[in-house]
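Below is one structure, written out as structure tokens; the observations come after it.
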Amino acid sequence: MRRRGARSRRRQGRAAPRILTGFKEEHRSLWGHHPVHIRHSLAETGLFTDEALALLLENYPREHYDLLHMAECGTGNLKTWREGELGAVNGARAIEAIKAGRMWLNLRRVHEVSPRHARLLEEIFDELSVLVPGFDAFRLNLGILISSPGAQVYYHADVPGQCLWHVRGEKRVYLYPNRYPFLPEDQIERIVLSMTEAEIDYEPWFDDYALTFDLKPGEMLHWPLNAPHRVENLDSVNISVTTEHWTRSIRNMYAVRYANGVLRNQLHLTPPPPATHGASFWARAALAAGVKTSGALKRFKLERWVDWQLDPEADDRMRTITPYLL
Ligand SMILES: [Fe+2]
């Protein structure tokens, strides 16, 4: 999604933010460089009540959601979670089943399904473009996470810029430095190349170096690019919004890591560190563009199998089905 109203908002000057209500002067400097933890007003839009979410879930496009079951907090990893489907369960019953199970439902690209969420996404990034000088984001994405009490999201890193807007329930977010050994270059390259989901090797001692946030309703968290994180829901159902964005510098980092991944995995070379300037950057950007255009890496795309369906009558709210490839 590209924004249309940012310039007009900039012309209007710095009105008090309607959504990023906790934004302070210091956050301009911190944005993108250090975790930013502030208050927001998304709940006041009325878009995230159970009733609104149940309505949104009716006929939600299959290609735009993930339903995942995971192990108990403190156990398992990304390779062990199981992918499911909503089946014929209606929106209200699906939410009730998620409240009673141990799973999370990730509605992706909500802005393409719901015009009201599309307007909200535009408004969020209009505000940010005014609040953070030079922050010019594009390829915006809005997702909604509905997750069970005690659900978890394993240690991973995301490729685009990320904000987590917490709306209901409580969750603990562990945020790790975006550098070695928490984020080895060869592993983030494989994520960029879509060779793995988003998993990175995790060691329990990493937690000694994590920043921990107990997110409450109305709080958002933004972190430096690619910072690994994991999430544990506390004893409540959780509703959160995720936004993703790209900037020129994020796109450049993506291109150089894509090229480095090709050099490392296809040509078995050891690439230089990911710089986003100078002749070395432009050579790697050209390599990335060439490989992407050729489609040569398509065979490495991840296969996703679905092997269960939501079942409100079952003890664990799951019914095993014949596996199929998504
Ligand atoms: Fe994430």
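Of note:
- Condition met for residue 55 (out of contact with any Asp or Glu (no Cβ under 8 Å at 6 or more places or on another chain) and open to solvent by less than 30 Å² (accessible area, probe 1.4 Å)): no
- Exactly one residue among 74, 32 is on the phi > 0 side of the Ramachandran plot, within 20 Å of the chain's Cα centre (by Cα) and part of a loop (DSSP other than H, G, I, E, B), and that residue is 32.
- Residues satisfying the stated conditions in the stretch 157-169, i.e. more than 10 Å from the chain's Cα centre (by Cα) and either near the ligand (Cβ under 8 Å from one of its atoms) or among the aromatic types (Phe, Trp, Tyr) (or both): 165
- Checking residue 204 against (1) open to solvent by less than 20 Å² (accessible area, probe 1.4 Å); (2) more than 13 Å from the ligand (Cβ to nearest atom); (3) of a type outside the set (A, V, I, L, M, F, W, C), the condition it does not meet: (1)
- Members of the stretch 241-259 that are within 15 Å of the ligand (Cβ to nearest atom), of a type in the set (A, V, I, L, M, F, W, C) and either open to solvent by 20 Å² or more (accessible area, probe 1.4 Å) or in a strand (DSSP E or B) (or both): 241
- Pick from the stretch 123-155, criterion open to solvent by 20 Å² or more (accessible area, probe 1.4 Å) and part of a strand (DSSP E or B), ranking: farthest from the ligand (Cβ to nearest atom): 138
- Residue satisfying condition, being open to solvent by less than 20 Å² (accessible area, probe 1.4 Å), charged (D, E, K, R) and either in contact (Cβ under 8 Å) with a residue 24 or more places away in the chain or on the phi < 0 side of the Ramachandran plot (or both), within set 50, 66: 66
- Scanning the stretch 92-113 for residues that are in contact with a strand residue (DSSP E or B) (Cβ under 9 Å, 6 or more places away or on another chain), outside any strand (DSSP E or B) and open to solvent by less than 60 Å² (accessible area, probe 1.4 Å) turns up 94, 95, 97, 98, 101, 110, 111, 113.
- Test: residue in the stretch 215-226 that is under 18 Å from residue 80 (Cβ atoms) and hydrophobic (A, V, I, L, M, F, W, C): no
- Pairs meeting the criteria (first residue in the stretch 162-174 and on the phi > 0 side of the Ramachandran plot, second residue away from the ligand (no atom under 13 Å from the Cβ), beta carbons under 7 Å, at least 6 apart or on different chains) are 169/233; 169/236; 169/237; 169/238; 169/239.
- Among (1) hydrophobic (A, V, I, L, M, F, W, C); (2) in contact with a strand residue (DSSP E or B) (Cβ under 7 Å, 6 or more places away or on another chain); (3) over 20 Å from residue 144 (Cβ atoms); (4) at pLDDT below 95 - the single one residue 89 does not satisfy: (3)
- Test result for residue 230, in contact with a strand residue (DSSP E or B) (Cβ under 8 Å, 6 or more places away or on another chain) and either outside any loop (DSSP other than H, G, I, E, B) or surrounded by fewer than 18 Cβ atoms within 10 Å (Cβ to Cβ) (or both): yes
- Applying the criterion of being within 14 Å of the ligand (Cβ to nearest atom) and of a type in the set (Phe, Trp, Tyr) to the residues of the stretch 170-181, the residue that is most open to solvent (accessible area, probe 1.4 Å) is 174.
- Subset tally (residues that are open to solvent by 30 Å² or more (accessible area, probe 1.4 Å) and within 22 Å of residue 43 (Cα to Cα)) for the stretch 15-32: 6
- Listed by first and then second residue, the pairs with beta-carbon distance under 8 Å, at least 6 apart or on different chains, first residue in the stretch 17-30 and aliphatic (A, V, I, L, M), second part of a loop (DSSP other than H, G, I, E, B), are 19/40; 19/41; 20/40.
- Filtered residue count, the stretch 224-260, keeping only those that are within 24 Å of residue 28 (Cα to Cα) and free of Cβ contacts under 8 Å to residues at least 40 places away in the same chain: 4
- Residue-level analysis places residue 286 among those that are over 25 Å from the mean Cα position of the chain (by Cα), more than 16 Å from the ligand (Cβ to nearest atom), of a type in the set (A, V, I, L, M) and assigned to a helix (DSSP H, G or I).
The values are calculated or read from the model by the stated rules, or taken from the named source; none is laboratory data. Owing to the predicted nature of the structure, the values given are computational and were not obtained by experimental measurement. We place every Cβ from the backbone using ideal geometry, glycine too, and count neighbours over all the protein chains shown. Just so you know, the surface numbers come from the protein's heavy atoms only, side chains and all, with ligands and any DNA or RNA stripped out. Shrake-Rupley method; radii C 1.70, N 1.55, O 1.52, S 1.80 Å.
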